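*Asks:* Please read through the structure below; I'll follow up with questions.
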Amino acid sequence: MKRVTPALAALCALLVTALPAQAAGQRAADPQVAHRDSYGTKAPYAPEQNPRTYQQAPAGFTPVFTENVSRHGSRSATDSEDGDLVLALWDKARAAGRLTRRGEEFGPKVRALQAAMARVGYGDLSGRGRQEMRDTARRLAERLPSLFRRIAAEGEKIDVVSSGQGRAIDSGNEFTGALADADPDLKPLIGPIRTDKDLLYFHKAAGGAAYRDYIANDQRLASTLRSLTDQPKTHEAARSVLRRLFEADFVAGLTDADQVAAAQAVYNLYAIAPAMVEESPDGAGWGMERYLSRSDAAWFGYLSDVEDFYEKGPGFSDSDITYKMAGVLLDDFFRQVEAEKAGTSTLGAELRFTHAEEIIPLAALMRLPGSTKAATPGQPYTYRDNPWRGADVAPLGANIQWDVFRKGDRYLVRMLYNERETAFRPGCTPIAKGSRFYDLTELERCFGRN
């Protein structure tokens, strides 16, 4: 979707004023996030299963290894573009006396949110994101207490690797810091965070060259995104969003493209606000849901999912270009477990921290729940026909974890997806009907590792 015309960009440059400082809010309980789908992949993290309901390992099997890959936690917006754009329009409307009553309160709230994000650092972990990482780590330690006692007693190492991006590094530090707080004996065993872009930033590494060409040049992709986003409903929703803030004649004075760009910016602020809850003045949230109707937020959330589905997810049914490159990460999962089985590993845990651009294709490659259905050329992606939802597939803090158990020379693997026990893809047979435990040899067969 086109974000902004040159004329509107020039307007932003002329009208944006300095952002006032705003005191950071104190920590508070996370508010309930209603209508989760409308936040897309900006939805904050929540574990999807009560740990007390996890299946017990079969008799005689003990945990010997665990590994994960995690998206970084909740963060601020990556730049100020959306806030700058809407504040420019707001300033113009205020000068012309064309703000609605709701619009009058909107500008100061956006300035405060912008100031909070600037203090956090654009693209950096928010307070909520740091807590998400620490909480996930604590639940890991509580799930496998005997494993971490063994790691501490035997001096096994905990390897930590990231994409090299700041928010991924910070996520790893928060995660491992919580592990060390839970058991100080683990602290000297946790390695310094190392960077592996080929593994955890593969969409920008050498292995993603064909993918990048697809994003930049594929005409079918471009036409599909254009047809799904540039619909009459998009323009109707854009006008609806803006009329909550500005008088109708002011909205009518904008071109259709500028209306959509401005409404998209309002939506983006709405979507990022829950990630910044702890930085709000009272720690209870920013109230950005006041500025979009539920239906308008849902529509722009769908448009966000359209882009992620076709550019990172299952995509077109006759192509694997969006997710084939995630094979490097799946291979690493297997290599770590196979090294444990071969007795060549010195690790008790392998912890990886990355981004939505890696989690979404890995989920599609593994055919995890919600990522099993691609779009046929004649049937485009819609919520009605496809279960894929960004808020479920890769919310902020999303993770995939494998726990490995041993009895003699037999190894079992259990997978958690966003901390829900999850079956491996169709064709992989668990040790018993309804079990979430799989023989490693069966997974190797099922995934073609042999």
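*Asks:* For Ala57, state whether it is free of Cβ contacts under 8 Å to residues at least 60 places away in the same chain, of a type in the set (A, V, I, L, M, F, W, C) and open to solvent by 10 Å² or more (accessible area, probe 1.4 Å).
*Replies:* Spelling it out, it is not the case that Ala57 is free of Cβ contacts under 8 Å to residues at least 60 places away in the same chain, of a type in the set (A, V, I, L, M, F, W, C) and open to solvent by 10 Å² or more (accessible area, probe 1.4 Å).
*Asks:* Working only within region 366-404, note down all residues that are open to solvent by less than 10 Å² (accessible area, probe 1.4 Å) and over 17 Å from Thr41 (Cα atoms).
*Replies:* Met366, Ala375, Gln401, Trp402, Asp403, Val404 - these are the residues of region 366-404 that are open to solvent by less than 10 Å² (accessible area, probe 1.4 Å) and over 17 Å from Thr41 (Cα atoms).
*Asks:* Would you please name the residue that is most open to solvent (accessible area, probe 1.4 Å), looking only at residues in region 414-435 that are over 16 Å from Ala59 (Cβ atoms) and among the basic types (Lys, Arg)?
*Replies:* Across region 414-435, the extreme among qualifying residues is Lys433.
*Asks:* Output the residues belonging to region 87-98 that are without any contact (Cβ under 8 Å) to a residue 60 or more places away in the chain and within 30 Å of the chain's Cα centre (by Cα).
*Replies:* Result: no residue meets the conditions.
*Asks:* Another one. Which of the residues that make up region 161-196 are of a type in the set (D, E, K, R) and in contact with a Lys or Arg (Cβ under 7 Å, 6 or more places away or on another chain)?
*Replies:* Arg167, Glu174
*Asks:* Give me the pairs, please: first residue somewhere in region 75-86 and over 26 Å from Ile169 (Cα atoms), second residue anywhere and of a type in the set (Phe, Trp, Tyr) and at pLDDT 95 or above, beta-carbon distance under 9 Å, and either six or more positions apart or on two chains.
*Replies:* The qualifying pairs are Val86/Phe106.
*Asks:* Among (1) in a strand (DSSP E or B); (2) within 17 Å of Pro369 (Cβ to Cβ); (3) in contact (Cβ under 8 Å) with a residue 24 or more places away in the chain, where does Arg406 come up short?
*Replies:* The number of the failed condition is (2).
*Asks:* Taking Met276 as meeting all but one of (1) in a loop (DSSP other than H, G, I, E, B); (2) over 19 Å from Ala298 (Cα atoms), write down the number of the exception.
*Replies:* It fails just one condition, (1).
*Asks:* Any residue at all in region 264-278 that is polar (S, T, N, Q) and under 26 Å from the mean Cα position of the chain (by Cα)?
*Replies:* Checked region 264-278: at least one residue is polar (S, T, N, Q) and under 26 Å from the mean Cα position of the chain (by Cα).
*Asks:* Name the residue, out of Gly370, Gly343, Gly301, Gly327, that is in contact with a helix residue (DSSP H, G or I) (Cβ under 7 Å, 6 or more places away or on another chain) and under 30 Å from Ile151 (Cβ atoms).
*Replies:* Among Gly370, Gly343, Gly301, Gly327, only Gly327 is in contact with a helix residue (DSSP H, G or I) (Cβ under 7 Å, 6 or more places away or on another chain) and under 30 Å from Ile151 (Cβ atoms).
*Asks:* Looking only at residues that are under 30 Å from Thr136 (Cα atoms) and charged (D, E, K, R) in region 72-115, which one is least open to solvent (accessible area, probe 1.4 Å)?
*Replies:* Ranking the candidates gives Arg75 first.
The values are calculated or read from the model by the stated rules, or taken from the named source; none is laboratory data. For clarity, every value in this text was computed on a predicted model and none was experimentally measured. Note that we place each Cβ from the backbone using ideal geometry, even for glycine, and neighbour counts take in every protein chain shown. Note: areas computed on protein heavy atoms with side chains; ligands, DNA, RNA excluded. Shrake-Rupley method; radii C 1.70, N 1.55, O 1.52, S 1.80 Å.
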